[in-house]
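In what follows, a single structure is set out as structure tokens and then discussed.
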């Protein structure tokens with residue numbers, strides 16, 4: 001259902017995202033020729049032409065893709081194969097959660113606002129085999145809305161943002177040949193963070209990325225996220241203490 005809704009939304013606005021060119025028939029009637037803007041500034045840094053400021057070149061709509069790492073742990077979850085709490089059974093996982101995100105946003109003079117779909121993967125197989133020896137796998141799927149304060153400067157070095165939405169957890173806990181699994185009801189989450197631009201590091205690379213691939217900006221983000229427990233009593237408690245997330249985001 002989530003993917004279907006996003007697909008309909010994408011199809012509905014994709015012409016605006018990927019094409020700002022006027023109607024060729026209208027141009028022909030007016031005897032005009034469309035010249036695509038290059039957004040390359042006359043200003044040069046170390047002899048290299050650079051891009052115009054972000055606010056001047058970005059289109060009305062934008063697409064974002066991100067990949068990141070999270071310290072998320074379901075510290076309030078009750079393990080299926082033990083009466084001990086999560087930390088007593090699983091301790092600290094060998095590695096945290098990886099997550100991918102795709103977003104669609106509307107740019108305007110006060111910033112930008114959009115929707116985002118994220119999918120992650122978490123595994124904790126760090127339980128003591130002499131004690132329990134179970135393995136926990138979780139796939140969080142979240143849909144939310146994000147507001148970016150990305151119009152504070154013509155070429156912002158940092159962009160604060162806040163977001164919130166709903167998530168479900170697809171989970172499986174295994175002990176030997178025994179498996180308990182399921183998916184939770186929809187529950188809320190919130191997060192806040194800051195994205196730091198990478199474009200200033202290499203102006204030439206930023207310009208080439210824009211010309212060749214249409215990349216408007218690239219940034220590193222740092223954020224804090226809070227998952228709340230599902231309201232369904234049958235669901236495990238996958239809420240967390242606030243987790244820290246870091247990753248790379250690219251905007252087209």
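The values are calculated or read from the model by the stated rules, or taken from the named source; none is laboratory data. Small disclaimer: the values here were computed from a predicted structure and weren't measured. Backbone-built Cβ (ideal geometry, glycine too); neighbour counts: all protein chains shown.
Numbers for the structure displayed
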{"item": "Among residues of the stretch 185-210, those that are within 28 Å of residue 225 (Cα to Cα) and under 21 Å from the mean Cα position of the chain (by Cα), counted", "result": "14"}
{"item": "Odd one out for residue 130, checked against (1) under 23 Å from residue 239 (Cβ atoms); (2) over 17 Å from the mean Cα position of the chain (by Cα)", "result": "(1)"}
{"item": "Residues satisfying the stated conditions in the stretch 205-221, i.e. surrounded by 14 or more Cβ atoms within 10 Å (Cβ to Cβ) and touching a residue at least 12 places away in the same chain (Cβ under 8 Å)", "result": "206, 207, 210, 215, 216, 217, 218, 219, 220, 221"}
{"item": "Complete set of residues in the stretch 83-109 that are assigned to a loop (DSSP other than H, G, I, E, B) and in contact with a strand residue (DSSP E or B) (Cβ under 9 Å, 6 or more places away or on another chain)", "result": "91, 92, 93, 94, 95, 96"}
{"item": "Residues of the stretch 195-210 that turn out to be in contact with a strand residue (DSSP E or B) (Cβ under 8 Å, 6 or more places away or on another chain) and not in a loop (DSSP other than H, G, I, E, B), as a count", "result": "10"}
{"item": "Test: residue in the stretch 185-194 that is in contact with a strand residue (DSSP E or B) (Cβ under 6 Å, 6 or more places away or on another chain), over 23 Å from residue 100 (Cα atoms), without any contact (Cβ under 8 Å) to a residue 60 or more places away in the chain and surrounded by 16 or more Cβ atoms within 10 Å (Cβ to Cβ)", "result": "no"}
{"item": "Looking only at the stretch 133-152, and only at residues there that are part of a loop (DSSP other than H, G, I, E, B) and in contact (Cβ under 8 Å) with a residue 60 or more places away in the chain, the one that is nearest to the chain's Cα centre (by Cα)", "result": "150"}
{"item": "Qualifying residue in the stretch 228-235 (condition: touching a helix residue (DSSP H, G or I) at 6+ places or on another chain (Cβ under 6 Å), farther than 20 Å from residue 72 by Cα and outside any strand (DSSP E or B))", "result": "no"}
{"item": "Some residue of the stretch 131-141 being farther than 30 Å from residue 185 by Cβ and surrounded by fewer than 17 Cβ atoms within 10 Å (Cβ to Cβ)", "result": "yes"}
{"item": "Per-region count, the stretch 143-174, residues surrounded by 17 or more Cβ atoms within 10 Å (Cβ to Cβ) and under 23 Å from residue 124 (Cα atoms)", "result": "6"}
{"item": "Residue 250 being surrounded by fewer than 17 Cβ atoms within 10 Å (Cβ to Cβ), within 22 Å of residue 98 (Cβ to Cβ) and modelled with pLDDT of 95 or more", "result": "no"}
{"item": "Options 27, 55: the member that is modelled with pLDDT of 60 or more, surrounded by 13 or more Cβ atoms within 10 Å (Cβ to Cβ) and in a helix (DSSP H, G or I)", "result": "55"}
{"item": "Index of the failed condition, residue 181 passing every other in (1) part of a strand (DSSP E or B); (2) touching a helix residue (DSSP H, G or I) at 6+ places or on another chain (Cβ under 9 Å); (3) loosely packed, with under 13 Cβ neighbours inside 10 Å", "result": "(2)"}
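To keep it simple, each residue is scored yes or no on (1) buried (at least 21 other Cβ atoms within 10 Å of the Cβ); (2) modelled with pLDDT of 90 or more; (3) closer than 19 Å to residue 246 by Cα.
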{"residue": "73", "(1), (2), (3)": "yes, yes, yes"}
{"residue": "77", "(1), (2), (3)": "yes, yes, no"}
{"residue": "96", "(1), (2), (3)": "no, yes, yes"}
{"residue": "104", "(1), (2), (3)": "no, yes, no"}
{"residue": "111", "(1), (2), (3)": "no, yes, no"}
{"residue": "114", "(1), (2), (3)": "no, yes, no"}
{"residue": "128", "(1), (2), (3)": "no, no, no"}
